[in-house]
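For reference, the structure is listed below as structure tokens.
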Ligand SMILES: [Zn+2]
């Protein structure tokens, strides 16, 4: 174990330089810029370390916001001993807002912090997963590893052109899968909440605004519907609390109505009103039941229901070998492991539900709270600790067999 930790320390400059190099390619999604450039660059890195590399292009139709731009997936394979460990990260980053004080694509290192879009979520994960394996090799181990870098995690989708498509193609192989999303060097992620994003339209009947009794007012129907949910469903949701820590801190089942539109002019009784909603489910809740609860008050009211995205909650057992291996690794670092699920959703959903690999977890060096924000950054200390944690996790998995 000592040799592994020392090897990560020796590789510190290589680790920082690799992260900076990855941040400097602006893989902004949507629409998915510079994907080919990024994948070619990272492929060269893996080739340099002796991996057998493959690039697989997903059909552009799987990226509705992708403007027809290419969707390459990179896989690097390193044959070795022990269980096949698949290390995965998404390389797309969310767009940049206006309030940055640093160059979002500069990869600037200042005072022990590395700045840039993707520094936390999650090019730090990609850099860590590559250097962790190099540290193991330096320490004399010969791990059996696949590395994958995929697009389009940030734009979700029931299907997607990254991990979702790799799984559909049978290209995700591994006895254990580790996704290096930012949960912090002490965060062991065993799942995420479920979600439904959707749109509900209530229909009424138009009439002159001076004679509302001749019409059916869709805006008023919607108001009553929302009030009913508030009175009847919301108190139930508030009693549903998961036992697991959730990052960011939000252990409840939630429902939020985020946009509303209805009506044409003040002299016309509106014949339709549309809301969009965002429902988040804790593990143990079910998508179909959530849909039923949401639509029950609309019985007998003419309406339309349309989903933009849904995913079941994801949760793997703490007894899974990779979870045990990660917990031990975090303890070896002198940290207390935090068993977490994510309040959002991530590519683990495809690994668990579609590929059926429950021996999977999320462990990566960045901090969730520093993701998607202005001046996104990672501390060099977290980057190194997270890389050590990953290397030790793989070593523990090799030892267990
Ligand atoms: Zn991410």
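Please treat every number below as a calculation from the coordinates, not as lab data. Keep in mind that this is a model prediction, so the values were computed, not measured. Cβ atoms come from the backbone with ideal geometry, glycine included; neighbour counts cover every protein chain shown.
Residues considered: 141, 390, 172. Largest GNM mean-square fluctuation over the chain, using C-alpha springs under 10 Å, is found at 141. Quick one: compute the contact order of region 1-138, relative version, from alpha carbon pairs under 8 angstrom and 6+ residues apart, as a percent. Once divided by the residue count of region 1-138, the mean separation gives 33 percent.
For helix 380-399, report the angle its Cα long axis makes with the longest principal axis of the Cα atoms of the chain; keep it between 0 and 90° and round to the nearest 10°. On a 0 to 90 degree scale, this one is about 70.
If you take the square roots of the eigenvalues of the alpha-carbon gyration tensor of region 117-250 and sort them as a ≥ b ≥ c, do you get rounded (a/c under 1.5), prolate (a/b over b/c) or oblate? Walk me through the intermediate numbers first.
Values: a/c = 3.82, a/b = 2.55, b/c = 1.50.
In terms of gyration-tensor shape, prolate.
Each peptide in 254-261, 41-48 gets a packing score, the mean of other Cβ atoms within 10 Å over its residues, and the list from highest to lowest is 41-48, 254-261.
Sequence gap at least 6, Cα distance under 8 Å: using those rules, report the relative contact order of region 194-311 to the nearest whole percent.
Details: 222 pairs, mean separation 53.1, N = 118.
Once divided by the residue count of region 194-311, the mean separation gives 45 percent.
The Cα-based radius of gyration of region 286-333, divided by its Kirkwood radius, gives an Rg/Rh of 1.36. One Cα centroid belongs to region 138-173, the other to region 222-280; the line between them spans 34 Å. Rounded to the nearest 10 degrees, the inclination of helix 218-232 to the longest alpha-carbon principal axis of the chain is 60 degrees.
Counting only C-alpha contacts under 8 Å and six or more residues apart, can you give the relative contact order of the chain as a whole percent?
Relative contact order, the chain: 24 percent.
Under the classification rounded if a/c is under 1.5, otherwise prolate if a/b is larger than b/c and oblate if not, where does region 60-116 fall, given a ≥ b ≥ c as square roots of the Cα gyration tensor eigenvalues? The shape class here is oblate.
Axis angle, to the nearest 10 degrees, between helix 321-332 and the longest C-alpha principal axis of the chain: 70 degrees.
Region 6-21 and region 104-121 have Cα centres separated by 14 Å. For the pair residue 14 and residue 228, a Förster radius of 60 Å applied to the C-beta separation gives a FRET efficiency near 0.55, rounded to the nearest 0.05.
How big is D for region 209-324, in µm² s⁻¹ as a whole number, if Stokes-Einstein is applied with the Kirkwood radius of its Cα pairs at 25 °C and 0.890 mPa s? Estimated via Stokes-Einstein, D reaches 146 µm²/s.
I'd like the FRET efficiency for residue 309 and residue 264, computed as 1/(1 + (r/R0)^6) with the beta carbon distance as r and R0 of 41 Å, rounded to 0.05. With R0 = 41 Å, the Cβ-Cβ based efficiency is 0.90. If you take the square roots of the eigenvalues of the alpha-carbon gyration tensor of region 192-277 and sort them as a ≥ b ≥ c, do you get rounded (a/c under 1.5), prolate (a/b over b/c) or oblate? Verdict is prolate for region 192-277.
What is the fewest-to-most order of 4, 339 by other Cβ atoms lying within 10 Å of their Cβ? The partial results should precede the final answer.
Values: 4 22, 339 17.
Fewest to most other Cβ atoms nearby, the residues stand as 339, 4.
Packing around the peptides 354-366, 210-222, taken as the average count of other Cβ atoms within 10 Å per residue, puts them in this order, highest first: 354-366, 210-222.
A helix-only calculation puts the chain at -9000 deg cm²/dmol for mean residue ellipticity at 222 nm, using -39500 (n - 2.57) for each DSSP H run of at least four residues, averaged over all residues.
Normalising the Debye intensity of region 1-148 to I(0), with uniform scatterers on Cα atoms only, and taking log10 at q = 0.09, 0.13, 0.17, 0.21 Å⁻¹ returns -0.30, -0.62, -1.00, -1.33. For the pair residue 110 and residue 299, a Förster radius of 56 Å applied to the C-beta separation gives a FRET efficiency near 0.40, rounded to the nearest 0.05. Here the convex hull built on the C-alpha positions of the chain has a volume of 142 cubic angstrom per residue.
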